[in-house]
Amino acid sequence: MKSTIEELGPTRVRMAIEVPWGDLDHAFGEVYKELGKQVRVPGFRPGKVPNRVLDQRIGRPVVLEQVVQHAIPEVYSEVVRENQVRVLGQPDIEVTRLDDNDTLAFTAEVDVAPQVELPPLENLAVTVEDVEVADEDIDKQVDVMRERFAMLTGVERAAQDGDFVSIDLEAKLNGEVLEDGSTTGMSYEVGSGNLMEGLDDAVRGLSAEESKTFSTALLSGPNAGESADVTVTVRSVKTKDLPELDDEFASTASEFDTLAELRDDVRTRLARTKTLQQGAQARDKLVEHLLEVVEVPVPEKLVEREIEWRNRAFEQELQQAGMDWDSYLKIAGTEDREAYEAEQRKTVEEAVRTQFILDAIADAREVTVDNEDLSAQIMAQAQRSRMSPEQYAQQLQQGGNIAEFVADVRRTKTLAKLLEETTITDASGNVVDLEALRPKTVQAPAAAADDDAAPAKVADVEVQEGADG
């Protein structure tokens, strides 16, 4: 077998492969074996039909076509393996020559991982934000605790912002009540603005058993984008009474006896959270720096496949929610589909480039993945997915994503090691000790290496606190 590899660009090659007829014996054997089971010839038992009879029965061109289909994947994989070509996705195959009893020749064009020239990675340094806990931050956390202990009390007055009302809703389009367009006894906080446009303005000023009709655009369903008439009826109005901020509240809401002790604990916890967030900031800064200093050509077809994969998955989510692209973009605050797609492309390209950079660093440093690394990552991902590690591992295996998962763990390990070697200082010039942030899981990005691979992800560090919270 002869093969040559021509570089078509920094991320694409063409392989020209010639296979002598004798190397196709295995493929012929498999094809004749399968045809012998399918073809029935009088006078011969199934599976015992001679090859020459099969050629006559179904035609030599048909046999040759199936031999080619059987042989090319095996030959292509062998050439890739022998030449250590890091292919991305499926190749474009073209048979250039098929001489019976002589030669099979074909070309395979395929995207490949780019060669990445790494700059010196010593003396890396990033700057993160200072850890600052303002009194306003503490007040917000304490207010959240007060909300949990609030009491709702019925009032005989018109509804106003902050009140909780029990309401009935009925939506009509062209005078007809919409399917699933009515509900009763719904609890709603006036002024929250989290249900439908126009509802807050309609409810404000209504007392119990009063109604008002307003128009609003439908955001989902078959009539998304059309304006419906919605009648809201207030059944009751309740005000939210918050407990007094005193030592009694502190002892009721926490294990502390005084409000001062409670606020000190909140301050400590917020400081710990912000310190942990410095790890994520350091990761982001490090990845941004790598993207700035390392030149990485991006395989265009890989990006296109990734965008297509993401769009298909997102469109399925929209359909399940009864929405389309226009209604989603309106909710997202933009109607510019081109701007959305441009931002999506930028995100995918950065994820792909980051993957290649981390792969190159891993290769240069000979980073390996052991069972402990895999187990730790499986447990972390399973926890995020709310399933057992066994279920997550089984899902990986069934989806055929084990190889990509292992590669992603290798990038994860590489990024973690690089982060450990990076000098991290806050805005005030204080050195941040990453050892104080352990235990942690550093999640590197994964880009689809083939049509069925998982979608690319931007590098993500998740710092996990211990069991004490």
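The values are calculated or read from the model by the stated rules, or taken from the named source; none is laboratory data. Not measured: the values here are computed from a predicted model. Neighbour counts run over all protein chains shown; Cβ positions are idealised from the backbone, glycine included.
Note on the stretch 182-192: residues that are on the phi > 0 side of the Ramachandran plot and surrounded by 13 or more Cβ atoms within 10 Å (Cβ to Cβ) amount to 1.
When the stretch 122-151 is filtered for residues that are under 29 Å from the mean Cα position of the chain (by Cα), assigned to a loop (DSSP other than H, G, I, E, B) and surrounded by fewer than 16 Cβ atoms within 10 Å (Cβ to Cβ), only Glu129 remains.
The number of residues in the stretch 203-223 being hydrophobic (A, V, I, L, M, F, W, C) and closer than 22 Å to Glu179 by Cβ comes to 4.
Taking the criterion of being part of a loop (DSSP other than H, G, I, E, B), exposed (fewer than 15 other Cβ atoms within 10 Å of the Cβ), in contact with a Phe, Trp or Tyr (Cβ under 8 Å, 6 or more places away or on another chain) and of a type in the set (A, V, I, L, M), would at least one residue in the stretch 324-335 satisfy it? Yes, the stretch 324-335 contains at least one residue that is part of a loop (DSSP other than H, G, I, E, B), exposed (fewer than 15 other Cβ atoms within 10 Å of the Cβ), in contact with a Phe, Trp or Tyr (Cβ under 8 Å, 6 or more places away or on another chain) and of a type in the set (A, V, I, L, M). Evaluating Gly399 against the criteria (1) under 17 Å from the mean Cα position of the chain (by Cα); (2) of a type in the set (Gly, Ala, Ser); (3) over 24 Å from Arg86 (Cα atoms) leaves one unmet condition, (3).
Given the options Thr334, Thr414, name the one that is hydroxyl-bearing (Ser, Thr, Tyr) and out of contact with any helix residue (DSSP H, G or I) (no Cβ under 6 Å at 6 or more places or on another chain). Only one candidate qualifies: Thr334.
Conditions tested, residue by residue: (1) touching a Pro at 6+ places or on another chain (Cβ under 9 Å); (2) of a type outside the set (A, V, I, L, M, F, W, C); (3) surrounded by 15 or more Cβ atoms within 10 Å (Cβ to Cβ); (4) modelled with pLDDT under 85.
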site	(1), (2), (3), (4)
Ser3	no, yes, yes, no
Val13	no, no, yes, no
Trp21	no, no, no, no
Val31	no, no, yes, no
Gly36	yes, yes, yes, yes
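Here the stretch 38-70 is the region considered, the condition is being touching a Phe, Trp or Tyr at 6+ places or on another chain (Cβ under 7 Å) and buried (at least 17 other Cβ atoms within 10 Å of the Cβ), and the residue that is farthest from Asp99 (Cα to Cα) is Leu54.
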